[in-house]
1. Here is a list: 239, 251, 264, 273. Which entry is under 21 Å from the mean Cα position of the chain (by Cα) and on the phi > 0 side of the Ramachandran plot?
2. Of all residues being part of a strand (DSSP E or B) and within 24 Å of the chain's Cα centre (by Cα) in region 16-46, which is surrounded by the most Cβ atoms within 10 Å (Cβ to Cβ)? Just the residue, please.
3. Would you confirm, using the coordinates I've provided, whether residue 295 is in the same structural domain as residue 216 (by TED's automatic domain parsing), surrounded by fewer than 19 Cβ atoms within 10 Å (Cβ to Cβ) and more than 26 Å from residue 267 (Cβ to Cβ)?
4. Scan region 173-185 and give yes if some residue there is out of contact with any helix residue (DSSP H, G or I) (no Cβ under 9 Å at 6 or more places or on another chain) and on the phi > 0 side of the Ramachandran plot, otherwise no.
5. Kindly check whether there is at least one residue in region 302-311 that is free of Cβ contacts under 8 Å to residues at least 40 places away in the same chain and buried (at least 19 other Cβ atoms within 10 Å of the Cβ).
6. Checking the condition part of a loop (DSSP other than H, G, I, E, B) and crowded, with 16+ Cβ neighbours inside 10 Å, which residue from 119, 171, 91, 149 passes?
7. Looking at region 47-61 only, could you name the residues that are surrounded by fewer than 16 Cβ atoms within 10 Å (Cβ to Cβ) and either in a strand (DSSP E or B) or not assigned by TED's automatic domain parsing to the domain that holds residue 181 (or both)?
8. Take region 254-281 and flag every residue that is surrounded by fewer than 23 Cβ atoms within 10 Å (Cβ to Cβ) and closer than 17 Å to residue 307 by Cα.
């Protein structure tokens, strides 16, 4: 008899859908637990860690095989409520869960999305901040975590040096999450403006600084991703939604061009996690009245779905040795896109490269093997719900070339240490070293 009592917390009599209101952390946990029980065939609920005050950071995974990765199936994620008083993303991600679970095997788009990708949804990265928030449009408390830290300024930053700040528990949880899953595409949901922002957020005034923007090697892909969201949104593409905001052409902006930001999550995802992430600002008001939530959902729903489909851009496959066995930690480099940290194959020998349609020259390197360079013609994958599959097969260095050295692309060092709670983790490794070591231990 317990289930009907809990069920009525989430369901409105008129629509039998998730109620449009601000559910607290306990209610969110109860709702996600019920969803995972009711849709156990294609969902899996787990916690990636805890907040400072001990609240679980719940992630619901949706897909044909939700409990583990399958070769060739890209990993996608949405993260909400990183700033505790920016609450629209939290609401929208719960609504998205409701929409996906009810639509699977009924709605063709939802079904194809969940059959072709594995979707991770973290509704609240900062539950402590949410619980302390006041319902003010712009200036309420709750932005920071319990320790008074802005989580979107607490990640290692590729463009800063000598910064020894400690990592907050919520940030460490996300960093560890990135090590365990080979995420391909992501977005984090914020509020206070209406715009899609893309990397880089920071710069040390090197070659990446072009005009007023800090430009990444995958700038064309990031612009496409941001426009996919803004043009699918009912009004974001208009670019001047909020009275106190600048005019964003097409509803998108380079992060640095908007304002420089050190220690941001989207840059960390891209540089060290091999995951292309953008930041979505979804409402002028950070904590809008509940009466506005249905309209915000309708405005964002097509964009949330369209963006998820972009996980199928470009190229994917495996790097294999001469015996056909997967090669872990092989570098897969696209000519003309020298990333600060190279894109490396995971423990399954898999790689994913989000690329727009065109011809690309790919160089694959791994110690003890001949470098391999191939040119590949990449079609547009999202319409087919699959990136182009292309495997690379390496050959051992021949006897007459034993003196040759395979040069691996370099990776910028974060120069930072991680903190979990109050105890500093003893590590002299860079973020990439820790990532590669973790993958080796899991192989």
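1. On the way: 239 fails: under 21 Å from the mean Cα position of the chain (by Cα); 264 fails: on the phi > 0 side of the Ramachandran plot; 273 fails: on the phi > 0 side of the Ramachandran plot.
Only one candidate qualifies: 251.
2. The first filter runs over region 16-46 and keeps only residues part of a strand (DSSP E or B), leaving 18, 43-46.
So of that shortlist, the ones also within 24 Å of the chain's Cα centre (by Cα) come out as 43-46.
On the way: 43: 24, 44: 18, 45: 18, 46: 14.
So, considering only residues that are part of a strand (DSSP E or B) and within 24 Å of the chain's Cα centre (by Cα), the one surrounded by the most Cβ atoms within 10 Å (Cβ to Cβ) is 43.
3. Numbers: in the same structural domain as residue 216 (by TED's automatic domain parsing): yes; surrounded by fewer than 19 Cβ atoms within 10 Å (Cβ to Cβ): yes; more than 26 Å from residue 267 (Cβ to Cβ): yes.
It is true that residue 295 is in the same structural domain as residue 216 (by TED's automatic domain parsing), surrounded by fewer than 19 Cβ atoms within 10 Å (Cβ to Cβ) and more than 26 Å from residue 267 (Cβ to Cβ).
4. Scanning region 173-185, I find no residue that is out of contact with any helix residue (DSSP H, G or I) (no Cβ under 9 Å at 6 or more places or on another chain) and on the phi > 0 side of the Ramachandran plot, so the answer is no.
5. Checking region 302-311: not a single residue is free of Cβ contacts under 8 Å to residues at least 40 places away in the same chain and buried (at least 19 other Cβ atoms within 10 Å of the Cβ).
6. On the way: 119 fails: part of a loop (DSSP other than H, G, I, E, B); 171 fails: part of a loop (DSSP other than H, G, I, E, B); 91 fails: part of a loop (DSSP other than H, G, I, E, B).
Criteria check complete, one pass: 149.
7. Residues of region 47-61 that are surrounded by fewer than 16 Cβ atoms within 10 Å (Cβ to Cβ), as a first pass: 47, 53-54.
Hit for region 47-61 is 47, nothing else.
8. 275
The values are calculated or read from the model by the stated rules, or taken from the named source; none is laboratory data. Note that the structure is predicted; figures quoted are calculated from it, not measured. Every residue, glycine among them, receives a Cβ derived from its backbone with ideal geometry; neighbour counts consider all protein chains shown.
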